[in-house]
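J.: One structure is given below, represented as structure tokens, and several questions about it will come after.
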Amino acid sequence: MINKNRLKKKRLERNRYRISKKSNSSIRMSVFRSSKHIYVQVIDDKVSKTLFSTSSLDSSLKLNKGSDKKAAFKVGEKIADVINKKGFDKKITFDKGCYKYHGRVKELAEGARSKGLKI
């Protein structure tokens, strides 16, 4: 019987491999989802460095609850604002990690798209 954590790790590795092969962009938006919050960071793969990050814990978002779709949408808008303000290319790669493109992960991407990012 295959362990649940091992399956999650295989999904993560498979997704990272596909991103590295297909991606023309050097900037990647990586998502981490916990049971109470959602975190996103923008990574430059050419130098392997995190450029900036935000999460539902950010006090400027003024969220009552960090684990719902509304919070994920606002986090997506916030990271898109930061990307636009810093002057990076609007076409970035979305790294959903081992998560399905569904629910909070999807809302985060939709929030970023609503501010003009092309994912």
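J.: Only one residue in 62, 49, 21, 8 is within 16 Å of residue 98 (Cβ to Cβ) and loosely packed, with under 15 Cβ neighbours inside 10 Å, so which one is that?
T.: Of 62, 49, 21, 8, the one residue that is within 16 Å of residue 98 (Cβ to Cβ) and loosely packed, with under 15 Cβ neighbours inside 10 Å is 8.
J.: Now, a different point. Going by what's in this entry, would residue 69 be described as surrounded by 15 or more Cβ atoms within 10 Å (Cβ to Cβ), within 23 Å of residue 116 (Cα to Cα) and of a type outside the set (Asp, Glu)?
T.: Numbers: surrounded by 15 or more Cβ atoms within 10 Å (Cβ to Cβ): yes; within 23 Å of residue 116 (Cα to Cα): yes; of a type outside the set (Asp, Glu): yes.
So residue 69 passes the test.
J.: Does region 50-79 hold any residues that are at pLDDT 90 or above and in a helix (DSSP H, G or I), and which are they?
T.: Within region 50-79, 69, 70, 71, 72, 73, 74, 75, 76, 77, 78, 79 meet the criteria.
J.: Looking only at region 31-46, filter to residues that are in a strand (DSSP E or B) and in contact with a strand residue (DSSP E or B) (Cβ under 6 Å, 6 or more places away or on another chain); which one of those is farthest from residue 102 (Cα to Cα)?
T.: It comes out as 44.
J.: Let me ask you something else. If you scan region 80-117, which residues turn out to be assigned to a strand (DSSP E or B) and more than 20 Å from residue 32 (Cα to Cα)?
T.: 91
J.: Give the number of residues within region 75-119 that are within 27 Å of residue 8 (Cα to Cα) and either touching a helix residue (DSSP H, G or I) at 6+ places or on another chain (Cβ under 7 Å) or touching a residue at least 60 places away in the same chain (Cβ under 8 Å) (or both).
T.: Qualifying residue count for the region: 21.
J.: Considering only region 90-107, state which residues are among the basic types (Lys, Arg) and surrounded by 18 or more Cβ atoms within 10 Å (Cβ to Cβ).
T.: Those that are among the basic types (Lys, Arg) and surrounded by 18 or more Cβ atoms within 10 Å (Cβ to Cβ): 96, 104.
J.: Which of the numbered conditions does residue 28 fail, given that it passes all the others? Conditions: (1) charged (D, E, K, R); (2) assigned to a strand (DSSP E or B); (3) surrounded by fewer than 17 Cβ atoms within 10 Å (Cβ to Cβ).
T.: (3)
J.: Same structure, new question: Checking residue 38 against (1) within 28 Å of residue 9 (Cα to Cα); (2) free of Cβ contacts under 8 Å to residues at least 40 places away in the same chain, which test does it fail?
T.: So residue 38 meets the others, but not (2).
J.: For region 1-18, how many residues are part of a helix (DSSP H, G or I) and hydrophobic (A, V, I, L, M, F, W, C)?
T.: The qualifying residues number 2.
The values are calculated or read from the model by the stated rules, or taken from the named source; none is laboratory data. Since this is a predicted model, take the numbers as computed values, not measurements. Don't worry about glycine lacking a Cβ; one is built from the backbone with ideal geometry, like all the others, and counts go over all protein chains shown.
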